[in-house]
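Asks: First, the structure itself, so that you have it in front of you.
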Amino acid sequence: MKKLFIIANWKSHKTQDEASTWLQELRIRNQELSDKKIVVCPTFTLLSGMKAIIESSKLPIQLGAEDISSFDEGAYTGEVNGKQLMELCSYVIVGHSERRKSFGDTDEIVMHKIKKALESDLTPILCVSELSQLDLVKEAIGEKEIIVAFEPLAAIGSGEADSPEHAEDVAKKIKDTIKCSAVLYGGSVTAGNVHAFLAQENIDGVLVGNASLDAREFAAIIQHA
Ligand code: PGA
């Protein structure tokens, strides 16, 4: 059975206390998980503490980072590299539109970050809003596979999700363009619309921002997926 990815992108939200409360409040029934993979991507500072709680409480959650350095370890003040991340998580979001818009992540930088993630055995979740953003990455990954999240700019944080039919159309084109193990949809996903996206043939999961910040709301998304 194909596993559906339900991935939370917490962006620049939550303190350590808030993250640990979220983990305590998240109630997921085991039978809901047979066909789902739950991944939470918090700020770097939360990864270590969350890893400890997830392991000691045996929670069915995997962790991902929200970004990765395009360099190896070295004199790069403020950067977090792949070797450091691989101790803490298995996934990493790369090229989110907020990083492209506010932090200068160009297609070329994104391509280098994807390479660094793959070298560290992290699974990259490449965010794209247009198919042309796949071009450089496609050349760089060779035979390796990545996860691609289609996130139309107008749908992110707006409460106005894309239509499932349009997202399906783009998801199919993504699969025709690049080697990927899964295509996700992201942009104003809620418990109310998640199923309509996941019912599409080529959509294998969702990337959830705002609605993942509340543990009960995120649990409802998992339940309705
Ligand atoms: P949103 O964010 O669910 O709040 O629209 C999605 C994202 O930015 O990945």
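The values are calculated or read from the model by the stated rules, or taken from the named source; none is laboratory data. Because the structure is predicted, anything quoted here is derived from the model rather than measured. FYI the Cβ positions are ideal-geometry reconstructions off the backbone, even for glycines, and counts take in every protein chain you see.
Asks: Find all pairs meeting these conditions: Cβ atoms under 7 angstrom apart; at least six residues apart or on different chains; first residue within the stretch 78-93 and aromatic (Phe, Trp, Tyr); second residue assigned to a loop (DSSP other than H, G, I, E, B).
Replies: That search, which allows pairs on different chains as well, returns Tyr91/Leu122.
Asks: Could you say which residue among Ile125, Ile221, Ile147 is in contact (Cβ under 8 Å) with a residue 24 or more places away in the chain, within 11 Å of the ligand (Cβ to nearest atom), in a strand (DSSP E or B) and β-branched (Val, Ile, Thr)? I'd like the intermediate steps shown before the answer.
Replies: Working: Ile221 fails: in a strand (DSSP E or B); Ile147 fails: within 11 Å of the ligand (Cβ to nearest atom).
The unique qualifying residue is Ile125.
Asks: Based on what the data block shows, is Ala191 among the small types (Gly, Ala, Ser) and assigned to a strand (DSSP E or B)?
Replies: On the way: among the small types (Gly, Ala, Ser): yes; assigned to a strand (DSSP E or B): no.
When the stated conditions are applied, Ala191 does not pass them.
For (1) over 15 Å from the mean Cα position of the chain (by Cα); (2) at pLDDT 95 or above; (3) within 30 Å of Ile28 (Cα to Cα), each residue gets a yes or a no:
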{"residue": "Val128", "(1), (2), (3)": "no, yes, yes"}
{"residue": "Ser132", "(1), (2), (3)": "yes, yes, no"}
{"residue": "Lys144", "(1), (2), (3)": "yes, no, no"}
{"residue": "Pro152", "(1), (2), (3)": "no, yes, yes"}
{"residue": "Ala155", "(1), (2), (3)": "yes, yes, yes"}
{"residue": "Ala171", "(1), (2), (3)": "yes, yes, yes"}
{"residue": "Tyr185", "(1), (2), (3)": "no, yes, yes"}
{"residue": "Asn202", "(1), (2), (3)": "yes, yes, yes"}
{"residue": "Asp214", "(1), (2), (3)": "yes, yes, yes"}
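Asks: From (1) touching a helix residue (DSSP H, G or I) at 6+ places or on another chain (Cβ under 9 Å); (2) under 26 Å from Val80 (Cα atoms); (3) among the charged types (D, E, K, R); (4) surrounded by fewer than 20 Cβ atoms within 10 Å (Cβ to Cβ), pick out the condition that doesn't hold for Asp214.
Replies: (2)
Asks: Could I ask something else about it? Working only within the stretch 182-197, note down all residues that are within 10 Å of the ligand (Cβ to nearest atom) and not small (Gly, Ala, Ser).
Replies: Correct list: Leu184, Tyr185, Val189, Thr190.
Asks: Among the residues of the stretch 199-218, how many are more than 15 Å from the ligand (Cβ to nearest atom), closer than 23 Å to Val128 by Cα and in contact (Cβ under 8 Å) with a residue 60 or more places away in the chain?
Replies: Kept after step one, since they are more than 15 Å from the ligand (Cβ to nearest atom), are these residues of the stretch 199-218: 199-202, 204, 215-216.
So of that shortlist, the ones also closer than 23 Å to Val128 by Cα come out as 199-202, 204.
Next cut, in contact (Cβ under 8 Å) with a residue 60 or more places away in the chain only: 204.
Here the count works out to 1.
Asks: Further question on the same structure: Taking only pairs six or more apart or across chains, which ones have beta-carbon atoms under 6 Å, a first residue in the stretch 96-112 that is within 22 Å of Leu184 (Cβ to Cβ), and a second residue that is at pLDDT below 95?
Replies: Matching pairs, first to second residue: Met111/Ala140.
Asks: Can I ask one more? Which of the residues that make up the stretch 155-165 are assigned to a helix (DSSP H, G or I) and either touching a Phe, Trp or Tyr at 6+ places or on another chain (Cβ under 7 Å) or near the ligand (Cβ under 10 Å from one of its atoms) (or both)?
Replies: Ala155, Pro164
Asks: Can you find, within the stretch 128-144, the residue that is nearest to the ligand (Cβ to nearest atom) among those that are without any contact (Cβ under 8 Å) to a residue 40 or more places away in the chain and part of a helix (DSSP H, G or I)? Give the steps one after another, and end with the answer.
Replies: First, the residues of the stretch 128-144 that are without any contact (Cβ under 8 Å) to a residue 40 or more places away in the chain: 129-130, 132-133, 135-136, 139-144.
Filter once more, keeping what is part of a helix (DSSP H, G or I): 132-133, 135-136, 139-141.
Working: Ser132: 19, Gln133: 15, Asp135: 22, Leu136: 21, Glu139: 25, Ala140: 22, Ile141: 21 Å.
Only one residue fits best here, namely Gln133.
Asks: Out of the residues in the stretch 194-218 that are aliphatic (A, V, I, L, M) and not in a strand (DSSP E or B), which is farthest from Ile141 (Cα to Cα)?
Replies: Taking the candidates together, the pick is Ala215.
Asks: Name the residues in the stretch 129-173 that are buried (at least 20 other Cβ atoms within 10 Å of the Cβ) and in contact with a Cys (Cβ under 7 Å, 6 or more places away or on another chain), would you?
Replies: Across the stretch 129-173, the qualifying residues are Ile146, Ile147, Val148, Ala149, Glu151.
Asks: Follow-up. Would you mind telling me which numbered condition in (1) assigned to a helix (DSSP H, G or I); (2) within 16 Å of the ligand (Cβ to nearest atom) Ile109 fails?
Replies: Every listed condition holds for Ile109 apart from (2).
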